[in-house]
Structure formats: C-alpha cells, structure tokens
1. Can you work out the FRET efficiency for the pair Thr264 and Glu169, with r the C-beta to C-beta distance and R0 = 25 Å, to the nearest 0.05?
2. In degrees between 0 and 90, to the nearest 10, how far off the longest principal axis of the chain does helix 279-289 point, with axes built from Cα atoms?
3. Taking every alpha carbon pair in segment 85-324, what does the distance histogram look like in 5 angstrom bins from 0, in percent?
4. Can you give the relative contact order of the chain as a percent, counting alpha carbon pairs under 8 Å and 6+ residues apart?
5. What FRET efficiency would be calculated for the residue pair His292, Ala207, taking the C-beta separation as r and a Förster radius of 45 Å, to the nearest 0.05?
6. Kindly rank 189-202, 304-317, 65-78 from highest to lowest mean number of other beta carbons found within 10 Å of each residue.
7. Need one number: nm distance between label points at Ala107 and Thr19, each 7 Å from Cα along Cα→Cβ, rounded to one decimal.
8. Binning every alpha carbon pair distance of segment 17-109 at 5 Å from zero, what are the percents per bin?
Amino acid sequence: MSSPPRRPPDARGPRAAPTLHPRNRHTGRYDFARLTRACAALKPFLLRTPAGDASIDFGDAAAVRALNRALLAADYGIAHWDLPDGYLCPPIPGRADYLHGLADLLAETEGGEVPRGPAIRVLDVGVGASCIYPLLGHADYGWRFVGTEVDAPALQAAGAIVQANGLGEAIVLRRQPARERTFAGVVLAGERFDLTICNPPFHASAAEAAAGSRRKWRNLDRAPPRGGARPALNFGGRATELWCPGGELAFVGRMIEESAGFRTQVRWFSSLVAKSEHRAALHRRLRQAGAHDVREVPMAQGSKQSRFIAWTFLDATQQRAWRSR
Ligand code: SAH
C-alpha cells in the first residue's frame, strides 16, 4: 500500500505535508464516504476540490463542527457531540497528536509500552466546551480524566457531552474559580495525576485575540461572515477562551511556578506552547522552578509548527516507583 498524504485535504487544495504522530488516526486523507455514513449531518457540507476530491469548506464553522461530529462518531465511538455557538471548534488531528506525544513520554518508564486503562489519570487544565482531550484520550488509551474550566457555560457544555455519552466514570469536570490558578483549587489533597495537559489561552488581550482571528480569516482568503456582534471572534472561539492577562507566556509561567508545589502529585506536567518566541523564557522558568527533566516535543498543527513542553520533578527511579504505589 502506498503511503497516504499526511494532511487531510482542504478547500484550497494540497499543501506541504507536516507529520502527524504515527499512532494518530488521521494520518491519511479523510474518507468522506465513511464519515458521512457515520454522521449524516456532514453530508450537506460536502464539496469537490478543483482536483475532484471530496472535502468541506474549512472556513465554514458549521462545516467544521459537522466534520468533528463525524470524526468523533466514526473514529472514537462518541455518538453525541456538539458545541454551543461561538466556542472554539478544535481541529481533531492536532489535538490527538499532543496526547500521542504524551503517551510516548509515559512509555519511556514503562519499558516502551504506552500504559493504557483507567489507572492512568490525566488533568486537563481548560477542558473547553468541546471536552476534546478527555474524549480522545479516553477513546485512544482508556485513560481517566479530570477536566477543569473557568468558563461556566463551557463547563456546562462539556458536562452535557460527558453525560450524553455515558462517560461520567471516565471524565470528571471541575470548576476552577480563579482565572490565575491552574492546580490550586482543583487538585485535591493527596490526589495524583500521571499527566497534566493544557491548551492555554494564548493572546494577551481581547484586541490581540480579535486581530488573530482577523488574520486567520485573511489566511483563509475570505472575509469574515457578516452579522453578529463579534463575528471574527465568534468563529475561532469566545474571548475568554482565547486570551488571559499576560497571554500564553504569563499563563504557562504561572503554571510552572504552581507546579513546583504539586511536584510529588504529578508525574509529568505539560502545556502546548503556540508561540516559538516564548520557549526560551519558559525553559528559564523551568530551570528556576527546579524541574528535574524538561522536554520539548515539536508537533505539526495544521500548516503551523507547534510544540508542547513537559516537565517533571521526579527522577527516573521515582517515576518507576510511582506506578507500583
Ligand atoms: N482544551 C480545549 C479548550 C482550550 S481554550 C481545546 O483544546 O480546544 C483554553 C480554555 O482554558 C478555555 O476554555 C478557557 O475558558 C480555559 N481557562 C482559562 N483559564 C483557565 C484556568 N485558570 N483554569 C482552567 N481553565 C481555564
């Protein structure tokens, strides 16, 4: 079998081929016939690329939402998934890649085998309305998740997904009352997590987030949709999802500082870092915090290069001992 192109096609035709993780379920082209069989709601959004391939318009939020619904049904056994209007619609291949990269990290101290099943517990800081990481991580590896969120409507939407799919044992949601906190207030005394994950709000202000959304529209070669109070923001996520005081650097910086206080309760802390220019400062913060081991794992996120950083305060012996406890 010839190796398939690694990036799903979009309405603008083929692009360079960034590499997804080999265990990612989306390394080939999307099979739209299979996806529409799994979810008929995708059908009205199908179109043909100039090359004659089936695709959807990736600039149409409703089309992308239907694609996600189909992917979750066809590949992850999630029968019920929806998103309230205006919330961040996650590109599933990229979200899955972060989890596969973390699975490899856990495998290092497990004789090269990815540990699967409910004994592995993951904390998702900022689970979002989509609940995307817990859904993917539970389907792919059987891990259990605690998802935290500051935004009440997002938490409610995530809760509805968990309930509709009968995943209440596997996915627990907690409200974080303080925006500037990541672990305090949601991690219980004595509670332990194999991983913490986070896709942080990365803009430093609402205005910056709006400019980012406008840029996205320009890259999609189209005008933002008309109507609605803040159409440009509405497509790519609500303001609270996209920005926090100080942006990504401050958010992840605070997380690093807080993580030192939870050093014995977590095996690997991690966060996505979207902006390359933040890497040096974050590595400096990690050294200052006394992290024992720090990793940076590059990832392809659509046409952009992204990465996650992961750090632990445990040495290899402590990590091996962790599982036998
Ligand atoms: N995980 C989802 C959402 C990421 S957007 C995805 O990858 O698509 C970032 C999310 O973090 C938003 O939903 C925002 O409301 C939430 N958030 C912001 N500050 C937070 C905090 N201190 N603790 C928990 N969640 C937070």
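1. For R0 = 25 Å, the calculated efficiency reads 0.45.
2. 20
3. The percentages, shortest bin first, are 1, 6, 14, 18, 21, 18, 12, 6, 3, 1, 0, 0.
4. Details: 568 pairs, mean separation 47.7, N = 325.
15 percent.
5. On the way: r = 39 Å, r/R0 = 0.87.
For R0 = 45 Å, the calculated efficiency reads 0.70.
6. Packing order, densest peptide first, comes out as 65-78, 189-202, 304-317.
7. Calculated label separation equals 1.4 nm.
8. 2, 12, 21, 23, 20, 12, 5, 3, 1, 0
Just so you know, all these numbers are worked out from the coordinates, no wet-lab data involved. Worth saying up front: this structure is predicted, and the values here are computed from it rather than measured. With ideal geometry, Cβ positions are generated from the backbone for all residues, glycine too; neighbour counts draw on all protein chains shown.
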